[in-house]
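Read-outs: derived from the displayed coordinates by stated rules, not from any lab. Computed from a predicted model, the values in this text were never measured in an experiment. For neighbour counting, all protein chains shown are included, and Cβ atoms are generated from backbone atoms with ideal geometry for every residue, glycine included.
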Ligand code: UDP
């Protein structure tokens, strides 16, 4: 019996693969390396000392995907194969809808064909949309999404609800990630975006490594935050990966049902706190300047993480210092400079 990880060579997929292998689970990874590198597979093996099967394929390719189900006894699927750049999704909506939504549908249809009905989906806090309340609880309705990336997440959540309604033998976990950062403490796997990053931590990493000359802090006049800079619920990717293990255990226990969990620490940090902490714990300089607010940014939001704590026995244990140290350790071990 194995857990299938489409997109398992990516940032969150690879960290989850490590935790699953550490738990003694058998895994199968499929990935097309559209946003990851093949070396990651060896790194996962190096960290865990364990082996696993791998197929290079795009999960839209149903024939190849069916072969994976023919050749392996897949008991559950954790889907990481999605495009995730907000800005890019605005420029390439068709690609995002095809890859994220059609890809998920091909995957779910294939699962159905092979009688595999346990599925965990990487969703996002973005499905809450813009709202007055800044602490998001799972009971809140999904809001209006503001970009195609977010819409793909909301659409897939809805599709999963419809699948469960049609067949209550499914067991489905929807995990709404807040802002994952950091890297495995070995420094062997982490986030390595191509080109100029959009997200805060990858940008700080490139500035600290002198690949970019300074960080723009988008806004320092937000009334809603303690120092005027934006605030987010940053969480360590290893905590996030462990959240998937706990969600899988929950699905195994309950056998059927659809469950939604926020995965965040519940403690927002500001952009300024992130930059200051990064400099302090790593003894590096991150030059920055304050610029105008970025269009579409909310001042602050964070998870209410009580449900995951109560039902999954999951809490994020890593600190902001850990997030900053592990990110920098990863850069130092993987930089060509
Ligand atoms: N941010 C920033 N400079 C950057 C990138 C991001 O000041 O170069 C801020 C951004 O305005 C937000 C926070 O960092 O307040 C997190 O942004 P990110 O893009 O990482 O995540 P998201 O906005 O999707 O939560």
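Rounded to the nearest 5, what % of DSSP beta bridges with both residues in the chain are antiparallel?
5
If N is the number of residues in segment 1-82, what value comes out of its Cα radius of gyration divided by 2.2 N^0.38 Å?
Against the compact-globule rule of thumb, the ratio is 0.97.
Would you calculate, for the chain, the mean residue ellipticity at 222 nm contributed by helices, counting each DSSP H stretch of 4 or more residues as -39,500 (n - 2.57) and dividing by all residues, to the nearest 500?
Computed ellipticity for the chain at 222 nm equals -11500 deg cm²/dmol.
Which FRET efficiency, nearest 0.05, do residue 71 and residue 33 yield, Cβ-Cβ r, R0 25 Å?
FRET efficiency, residue 71 to residue 33: 0.75.
How far, in degrees from 0 to 90, does helix 39-48 lean away from the longest principal axis of the Cα atoms of the chain, to the nearest 10?
Helix 39-48 sits at roughly 80 degrees to that axis.
What percent does the relative contact order of segment 180-337 come to when contacts are Cα pairs within less than 8 Å and at least six residues apart?
With pairs under 8 Å counted, the relative contact order is 38 percent.
With the contact rule set at Cα under 8 Å and sequence spacing of 6 or more, what percent relative contact order holds for the chain?
Relative contact order here is 19 percent.
Just 295, 308, 208 to compare: in a GNM of the chain, with alpha carbon springs under 10 Å, which one fluctuates most?
295
Residue separation times 0.36 nm, minus the C-alpha to C-alpha distance between residue 335 and residue 114: what's the value?
Numbers: separation 221, 0.36 × 221 = 79.56 nm, distance 4.25 nm.
Stretched fully, the residue 335-residue 114 segment lengthens by 75.3 nm.
Any chance you could give the angle, 0 to 90 degrees and rounded to 10, that helix 11-22 forms with the longest Cα principal axis of the chain?
With rounding to tens, the tilt is 60 degrees.
State the extension gain, in nm to one decimal, for the chain segment bounded by residue 63 and residue 216, taking 0.36 nm per residue of separation less the distance between their alpha-carbons. Numbers along the way, then the final one.
Details: separation 153, 0.36 × 153 = 55.08 nm, distance 4.58 nm.
Between residue 63 and residue 216, full extension yields 50.5 nm more.
Looking only at 290, 261, 97, which one moves most when the chain is put into a Gaussian network model with springs between Cα atoms under 10 Å?
It is 290.
Rounded to the nearest Å, what's the spacing between the alpha carbon centres of segment 149-220 and segment 18-92? Just the number, please.
16
Give the distance, in whole Å, between the Cα centre of segment 228-264 and the Cα centre of segment 312-328.
14
With labels modelled as points extended 7 Å from the Cα through the Cβ direction, what inter-label distance (nm, one decimal) is found for residue 297 paired with residue 141?
Result for the modelled spin labels: 3.0 nm.
Expressed in nm to one decimal, what extension gain is obtained for the pair residue 209 and residue 310 from 0.36 nm per residue of sequence separation less their Cα-Cα distance?
Length gained, residue 209 through residue 310: 32.3 nm.
For the chain, rounded, prolate or oblate, judged on the Cα gyration tensor with a ≥ b ≥ c (square roots of eigenvalues), a/c < 1.5 rounded, else prolate if a/b > b/c?
In terms of gyration-tensor shape, prolate.
Return the single residue from 238, 28, 284 with maximal mean-square fluctuation; model: Gaussian network over the chain, springs between Cα atoms under 10 Å.
Judging by the Gaussian network model, the answer is 284.
How far is helix 320-334 tilted, in degrees, relative to the longest principal axis of the Cα atoms in the chain, given as a value from 0 to 90 rounded to the nearest 10?
Tilt of helix 320-334: around 80 degrees.
Please say if segment 200-337 is rounded, prolate or oblate, where rounded means a/c under 1.5 for a ≥ b ≥ c the square roots of the C-alpha gyration tensor eigenvalues, and otherwise the choice is prolate for a/b larger than b/c and oblate otherwise?
Note, shape of segment 200-337 comes out oblate.
What number, in percent, do you get for the relative contact order of segment 38-171 if the mean sequence gap of Cα pairs under 8 Å and at least 6 apart is divided by its residue count?
On the way: 123 pairs, mean separation 34.8, N = 134.
Once normalised by length, the contact order is 26 percent.
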